1. Please tell me if ASP201 is surrounded by fewer than 19 Cβ atoms within 10 Å (Cβ to Cβ), more than 12 Å from the ligand (Cβ to nearest atom) and in contact (Cβ under 8 Å) with a residue 40 or more places away in the chain.
2. Name the strands (runs of 3 or more DSSP E) wholly inside region 152-243 in which the number of residues that are over 30 Å from PHE107 (Cβ atoms) and in contact with a Ser or Thr (Cβ under 9 Å, 6 or more places away or on another chain) is 2 or more.
3. Of the residues in region 204-226, how many are among the hydrophobic types (A, V, I, L, M, F, W, C) and either in contact with a Phe, Trp or Tyr (Cβ under 7 Å, 6 or more places away or on another chain) or without any contact (Cβ under 8 Å) to a residue 12 or more places away in the chain (or both)?
4. For residues that are surrounded by 19 or more Cβ atoms within 10 Å (Cβ to Cβ) and modelled with pLDDT of 95 or more, tally how many sit in region 104-133.
5. Looking for whichever is surrounded by fewer than 23 Cβ atoms within 10 Å (Cβ to Cβ) and either within 26 Å of PHE138 (Cβ to Cβ) or out of contact with any strand residue (DSSP E or B) (no Cβ under 7 Å at 6 or more places or on another chain) (or both) here; the options are SER221, SER186. Which one fits?
6. Search region 153-198 for residues being closer than 26 Å to ALA49 by Cβ and among the basic types (Lys, Arg), and hand back the single one that is nearest to the ligand (Cβ to nearest atom).
7. Among all residue pairs at least 6 apart or on different chains, which show Cβ distances below 6 Å where the first residue, located in region 159-184, is closer than 20 Å to GLN206 by Cα and the second is β-branched (Val, Ile, Thr) and away from the ligand (no atom under 13 Å from the Cβ)?
8. Return the total of residues in region 224-244 being among the acidic types (Asp, Glu) and surrounded by 21 or more Cβ atoms within 10 Å (Cβ to Cβ).
Amino acid sequence: MEKSANTIVDEPELDEVIVDHEALARQMQMFDELGYVVIPGALPDAQVARLLAAIEEIRETLERHPHRSKVEGGLNIRPVIDKHPEFLELMIAPRTFAAVARLLGHFNIQLQQSNLIEAHPSDKRRLTGWHSDGGIPFIGVNGVRAFGSLKVAYFLRDLPEPDMGALMLVPGSHRLQGPPPFPPDSIDPAGATQMLAKAGDAVIFQQGVWHAAAPNFSTQSRLALYYGYSYRVLRPVDYQHMPDAVLARCSLVQRQLLGETITHQGYYVPTEADAPLRSWFSAQFGDIADRGALERVGDVALADARAR
Ligand SMILES: O=C(O)CCC(=O)C(=O)O
């Protein structure tokens, strides 16, 4: 694997991003066919340890709070990105960010949501039932959810066996019209798979894939982080405006990902200043994103005619 060479903007986070074009080609194919890819060892052990320590800091702060309420399933914090510098850093993670950008296929992207979800052991219920993502209204093409966002799930503890709270998904279900079929008396749809993982592994899945949390019959809490990315023409899910104090700590590209624009139509027709990720993206992947540029065929034809 090679580190990216041609970073144009001065973005220390982007200099760390690993761009392995062969691996990305395989990931694109799997993402298209099955709707997800697995990135083993996405987070080094030391980073997992720092994230776990950050979570315990947050837990202590919440437990000291006079208005705390007991949450039965465990911590559920969204957005989490603004709660600790460790979570902010994870927004451009060296081993997942190239896949995020390449699978979305564009530089005009944002962090749409960030969620810490703890699943305490329970013999009664699973924490999250079966669903696909993408909000209301369902934006579909012929009844199939249109692609506009993906999530990176990071697992912070080993999940070596079924029923420890792992992410479940139905491979290929992003291509279905409607939900996958449930066999009689089954609580899981046909083809449902538990994504067993080691601490630090990541799964990237697209919004149309049906997914749920497995039950957690183990004796340890499942801790996972879900970072959602999408095109900036869509709204963020769990923030309206990132606090200025958070943006002030961010690089230009981090600020793009957190919603900063410079010009009036910066989300819709971004200039270089609105989308500083562009130069890095083009240096890595060429001009694939330009296929989405707005055409001005009429204007050009008129100008050509006048010039003649
Ligand atoms: O808790 C889980 O693992 C499921 C998360 C989930 O369904 C989601 O982020 O949409």
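1. no
2. 211-213
3. So the count comes out to 7.
4. Residues in region 104-133 being surrounded by 19 or more Cβ atoms within 10 Å (Cβ to Cβ) and modelled with pLDDT of 95 or more: 18 in total.
5. Details: SER221 fails: either within 26 Å of PHE138 (Cβ to Cβ) or out of contact with any strand residue (DSSP E or B) (no Cβ under 7 Å at 6 or more places or on another chain) (or both).
Result: SER186 is the single residue among SER221, SER186 that is surrounded by fewer than 23 Cβ atoms within 10 Å (Cβ to Cβ) and either within 26 Å of PHE138 (Cβ to Cβ) or out of contact with any strand residue (DSSP E or B) (no Cβ under 7 Å at 6 or more places or on another chain) (or both).
6. Residue satisfying both the conditions and the ranking: ARG157.
7. GLN177/VAL144
8. Filtering region 224-244 for residues among the acidic types (Asp, Glu) gives 238, 244.
With the extra rule that they be surrounded by 21 or more Cβ atoms within 10 Å (Cβ to Cβ), the set shrinks to none.
Result for region 224-244: 0.
The values are calculated or read from the model by the stated rules, or taken from the named source; none is laboratory data. Just so we're clear, the structure is a prediction, and the values are computed from it rather than from any experiment. Note that each Cβ is placed from the backbone with ideal geometry, even for glycine, and that neighbours are counted across all protein chains shown.
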